[in-house]
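Bear in mind that the values in this text are calculations on the coordinates, not laboratory data. Since we're looking at a predicted model, the values are computed, not measured. Reconstructed Cβ throughout: ideal geometry from the backbone, glycine too, with neighbour counts over all protein chains shown.
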Amino acid sequence: MSKGAQIAVAVLSVFAGLAWLLSASSSGEGTFRYFENVSAFLETSQEEPSRRSFRVHGFVVEGSIAKDLPNGHVDFSIEDPDRVTARLSVRLLALDIPDLFKDGAEVVVEGRFEHGRFLANRVLAKCPSKYEVVPGTEA
């Protein structure tokens, strides 16, 4: 094989590898698998690998927030508003919490699930909307 053919094969191999890598990383939902509620997450979390990252939506359980200053984390639980039996124990691996984070707050947690606990590296507190339409009235 000539030197030019060897270079062409090497360049094509690099392009094919990069194309495969880009298509694999951008397919589906990206690096996170999103769950709309705690119930759906708990039903499928046992079959997912623990190194995979998840986003889970829920509401902070009243009285469940506990800051551990010496160890640098915050523990709390989230649940679905309509199914209080579905609760997920969460450990935020930081002390930096959003201003809107409090009991009953609507949150999205990002992280991984290990040994029965969700280890969050990020918590997003959703802002309650002041402009919701009152039932029985027009928008």
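Here are a few things to note about the model shown:
- Descending semi-axes in whole angstrom, ellipsoid equivalent of region 32-125, from the Cα gyration tensor: 19, 16, 11
- Ranking of 53, 13 by count of other Cβ atoms within 10 Å, fewest first: 13, 53
- Length gained when the stretch residue 85-residue 40 is fully extended (0.36 nm per residue, less Cα-Cα span): 14.9 nm
- Region 58-111: trypsin sites (Lys or Arg not before Pro) in DSSP coil with no more than 15 other Cβ atoms inside 10 Å: 83, 102
- Listed by Cβ neighbour count within 10 Å, with the fewest neighbours leading, 115, 57, 73 appear as 115, 73, 57.
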